[in-house]
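Data first, discussion second: the structure below is written as structure tokens.
Any read-out appearing in this document is the output of simple, stated calculations on the displayed coordinates, not a laboratory observation. Everything quoted here is computed from the prediction, not taken from an experiment. We place every Cβ from the backbone using ideal geometry, glycine too, and count neighbours over all the protein chains shown.
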Amino acid sequence: MNHERSRELYDRALSVSPGGVNSSVRATMPHPFFIERGDGGHVIDADGNRYVDWVMGYGPLLYGHDLPDSVESAVQSHAAAGPMYGAPTEVEVEHAEFVARHVPSVESIRFVNSGTEATVSAVRLARGHTDRDKIVVMRGGYHGAQESTLVEGSPENPRPSTKGIPGEFAKHTLPIPFNDPRAAKEVFAEHGDDIAAVLVEPILANTGIVMPVDGYHETLRDLCDDHGALLVFDEVITGFRVGGLGCAQSKFGVTPDVTTFGKIIGGGFPVGAIGGKAEIIEEFTPAGGVFQSGTFSGHPVTMAAGKATLEYAAENDVYEHVNRLGRKLREGIADVCAERAPEYTVVGTDSMFKTVFTRETPADTTDSCADGCRQDADCGRYDTCPKTGADVAAAETDRWERVFWQEMKDRGVFLTANQFECQFTSYAHTEADVEKTLAAYREAI
Ligand SMILES: *Cc1c(COP(=O)(O)O)cnc(C)c1O
């Protein structure tokens, strides 16, 4: 595979932008390949190489690179009408109505421009609503590039996970391990009167894919209710992907007070949103006293793309298709692993999949969740499967990035380069893409 032009472009990029990229995960080793265009479930790079694309823009692309006609024409007509106005448009009302109709917890919604902006605003909203400062987050959870959540450590000793955040800020964030009800109860016993919100991904989806253990979200729901804190589900990645149009909250049957969205809800354009009970969301200005504003918020092109995307999914077999391919991949990869690497754990649900390169072979490999780890206590792998962000981080993360990812790339399969981010199926992917990918897995793993 020739990568000459990508190497040249990267060389130029390094002269004018930090690390040569605009988002850190894109700086793959030894250099990223630059994309020329998409084609269905594939991308073609600057040197003309074609890859099956399971990265899907890191989550937003439910249809791959071929938009349904209705989405494409909605985008084009709104772009042609003049891109944006600084005054409201009908399409943002229609998009809000659609989301409120389909997502159990959403009565009212504010659209913003990124998932990060959504979680920043949700944290401010929770603090304003409760008149409290502290936020509980999960270790290994991800809520975008924001001050309140780039925090690691423990409730007793929280510290910023990056340079540039004052230690004083981090003190208001209490990181606990995911899937550990006892740690959640302890943090509320200690800090209950100061906790504004628990901010949690319904499924850890940026550190492997870790499903909640039975009853975990119910425990969080009860603790929040008992202590007057808000339960905030960060569905930026799971929203309109897991659980179909009802999102992960409908799959798990737990109703958060506030939900953050991003990715798919903008149909491939920059987006975020904060939805929930009207009495809470209406604390945003100008209805209430929590300041929130944005030049590009509710951008007509994004709103048109997002609305047409979700409407198309409501009227076609989109989730059936993407979930079926997701299952085929997970089952197929589980077969490959059973043969070649029984210590590895296949994770994922619906249209998300990943293989965590866990190190320990379970005593009983016969009876595992073939369709992705479910955190099922009766499963033979339960003692060795990853249940927290730390468990995923303890896997062979370097092997994924330095060997396996490269080998898959050389075989024309594009996965996320690090061990932590997950892969996605789209409506444009085919059975042939799955077969090609499984054949590559068999050789590369
Ligand atoms: C991607 C993601 C974000 C950040 O969204 P951006 O649009 O990248 O700012 C926040 N939370 C979760 C769960 C995400 O997956």
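General observations
- Helical contribution to [θ] at 222 nm, DSSP H n ≥ 4, -39,500 (n - 2.57), averaged over the chain, rounded to 500: -10500 deg cm²/dmol
- Filter on LYS163/LYS263; LYS251/LYS277; LYS277/LYS307; LYS185/LYS328 - keep pairs with C-alpha separation over 30 Å: LYS185/LYS328
- Stretching the chain fully between THR162 and ALA341 yields a gain of 61.0 nm (0.36 nm per residue, less the alpha carbon separation).
- Leading residue at positive end of dipole, the chain (Cβ point charges), from PHE404, GLY243, THR309: PHE404
- Charge dipole of region 69-315 (Cα centre as origin; +1 on each Lys and Arg Cβ, -1 on each Asp and Glu Cβ, all else neutral): 540 debye, rounded to the nearest 20.
- For the peptides 112-123, 13-24, 327-338, the ranking by mean Cβ contacts within 10 Å, running from highest to lowest, is 112-123, 327-338, 13-24.
- Computed FRET value (nearest 0.05) for GLU282 with THR361, which takes r as the C-beta separation and R₀ as 41 Å: 0.15
- Between ASN418 and LYS171, the simple label model (points 7 Å from Cα in the Cβ direction) yields a spacing of 2.9 nm.
- For the chain, the C-alpha radius of gyration divided by 2.2 N^0.38 Å, with N the number of residues, is 0.96.
- Axial C-alpha extent at least 27 Å, average Kyte-Doolittle at least -1.0 - helices from the chain (DSSP): 318-340
- Computed 3J(HN,Hα) for region 230-238, one whole-Hz value per residue from the Karplus formula 6.51 cos²θ - 1.76 cosθ + 1.60 where θ = phi - 60°, is 8, 9, 10, 8, 8, 9, 4, 9, 7, glycine and proline marked x.
- Dipole magnitude of region 1-105 about its Cα centre (Cβ charges: Lys, Arg +1; Asp, Glu -1), debye to nearest 20: 400 debye
- Take each peptide in 242-255, 155-168, 201-214, 391-404, count the other Cβ atoms within 10 Å of every residue, and average; sorted highest first, the result is 201-214, 242-255, 391-404, 155-168.
- Global form of region 142-202, assessed from the alpha-carbon gyration tensor, a/c cut-off 1.5: prolate
- Put a dot 7 Å past the Cα of MET29, heading toward its Cβ, do the same for ALA87, and the two dots end up 5.5 nm apart.
- For region 251-293, the relative contact order works out to 28 percent when only alpha carbon pairs closer than 8 Å and six or more residues apart are counted.
- Difference of contour (0.36 nm per residue) and Cα-Cα distance, ASP410 to ALA80: 114.8 nm
- The residue among GLN146, LEU325, SER297 whose Cα reaches farthest toward the positive pole of the charge dipole of the chain, with charges on the beta-carbon of Lys, Arg, Asp and Glu, is GLN146.
- Radius ratio Rg over Rh of region 69-315, counting only Cα atoms, Kirkwood formula for Rh: 0.97
- Normalised by the number of residues in the chain, the mean separation of alpha-carbon contacts (under 8 Å, six or more apart) gives a relative contact order of 21 percent.
- Of PHE357, PHE98, PHE414, the one that fluctuates the most in a GNM where the chain has Cα springs shorter than 10 Å: PHE98
- Comparing ALA278, GLY59, ALA440 along the charge dipole axis of the chain, the residue lying farthest to the positive side is ALA440, per the Cβ-charge model.
- For the pair ASP226 and GLU443, a Förster radius of 41 Å applied to the C-beta separation gives a FRET efficiency near 0.20, rounded to the nearest 0.05.
- Projected label points at SER70 and ASP378, each 7 Å from Cα along the beta carbon direction, are separated by 4.1 nanometres.
- Cα-centre dipole for the chain with unit charges at Cβ (Lys and Arg positive, Asp and Glu negative), debye to 20: 860 debye
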